[in-house]
1. Please return the ranges of helices (runs of 4 or more DSSP H) entirely within the range 163-281 where 3 or more residues are at pLDDT below 95.
2. Residue 227: surrounded by 14 or more Cβ atoms within 10 Å (Cβ to Cβ) and within 20 Å of the chain's Cα centre (by Cα), yes or no?
3. Does residue 316 fit the bill of being crowded, with 21+ Cβ neighbours inside 10 Å, in the same structural domain as residue 436 (by TED's automatic domain parsing), on the phi > 0 side of the Ramachandran plot and out of contact with any strand residue (DSSP E or B) (no Cβ under 9 Å at 6 or more places or on another chain)?
4. Need the failing condition index for residue 429 against (1) within 15 Å of residue 229 (Cβ to Cβ); (2) touching a helix residue (DSSP H, G or I) at 6+ places or on another chain (Cβ under 8 Å), just the number.
5. Here are some conditions: (1) surrounded by fewer than 23 Cβ atoms within 10 Å (Cβ to Cβ); (2) under 17 Å from the mean Cα position of the chain (by Cα). Residue 40 meets all but one. Which one does it not meet?
6. Do we find that residue 156 is under 22 Å from the mean Cα position of the chain (by Cα) and free of Cβ contacts under 8 Å to residues at least 60 places away in the same chain in this structure?
7. Could you tell me whether any residue of the range 259-266 is buried (at least 18 other Cβ atoms within 10 Å of the Cβ) and within 16 Å of the chain's Cα centre (by Cα)?
8. Out of 334, 326, report the one residue that is buried (at least 20 other Cβ atoms within 10 Å of the Cβ) and on the phi > 0 side of the Ramachandran plot.
């Protein structure tokens, strides 16, 4: 009897265009699909865990239609995988790489254990368009500015075409035990705060493909303009599907290139895919990206310890409609419009002068698309301390942002009913209509931040 192979699903919860799975299937061995929930290392927030539960359920259903099933285990993958490989007599373990520092170290431990046991270990790339470290400047150094990085990517040979899903997988031996999905306790119990997530999202590979199709059909034309309007359904909303690998970047890239003629809209959308790519290449270059500023002088920045301000921001109770609307949308749906994310982040780190790490932690806990690389790089960008950073003195004015991108106030009225009755001219600045003042004066807090930055610049 041919020895089986383990295929370890990580954040590649799909069957199509899954390089590691395709490599395992090409070997002709029986395949044991495996997912390991590793709470010790994977510190996903509540919204991410909710999505994971439903994504795993969808994956298992897809496997069963192909004659297989998902084996679920809990614990440290560096212990679980060698033990299961020995129990099943697996000759090889296949997976796709993760780029997070803890995951790289864990993978090295697994590979060493398997090789010591005489078993093969093969890791593919399912999460990125290009291998980290492969896109460099003419001097051979990694890029730290996005535009030349993405230009260099587009000058490379395009990523390989997506792979088809296997039509059938061999059945898994019934003797191989699996934990029940419910035993992972990924869903909220009491209180059940996930009602808004259930209303907004349908996790899974099929839903990801449907979302991509709808975007190309209905939203790609006009994307460059509509993407900035939070009251409009102008974005792809593919980010959580990409985060869990229910769709791969190669699939998205080629779907846009193959079905839409070149245009400003398609180029602008692909650049968003490029920012995700750039973030991962940065994380590979700077493993402490989630915790330390890339510009070292910002380690001396006089951030404020303001628990009340942070709590008001988290709850969407700042008194500034655009900020509060974004944070309430986030709490309800697990997602926030990208234009609003920038304004919300700028308000925290510049008007409140609260460290960007606190904002990144809140996003990580509440976003369904919480992604370590993109989350960290984007927060550092807004804070002015990262790669390709917006200058610190560029401070988003949430009133002007609201008036420009939500001029009729449709977005803020939806999420902030306390201002719904105001005329358009006051909806983004209700204090001018006699309503309560915000928790911080925008002009005064802007000056405070700029003064702090000026002092930092002098001491640097």
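1. Filter on the range 163-281 gives 249-259.
2. Judged against the criteria, residue 227 is a match.
3. Here the answer is yes, as residue 316 does meet what is asked.
4. (1)
5. Against the list (1) surrounded by fewer than 23 Cβ atoms within 10 Å (Cβ to Cβ); (2) under 17 Å from the mean Cα position of the chain (by Cα), residue 40 comes up short only on (2).
6. So residue 156 does not fit the description; no.
7. no
8. Criteria check complete, one pass: 334.
The values are calculated or read from the model by the stated rules, or taken from the named source; none is laboratory data. Keep in mind that what you see is a predicted model, and the values were worked out from it rather than measured. So basically every Cβ, Gly included, is an ideal-geometry build from the backbone, and we count neighbours across all protein chains shown.
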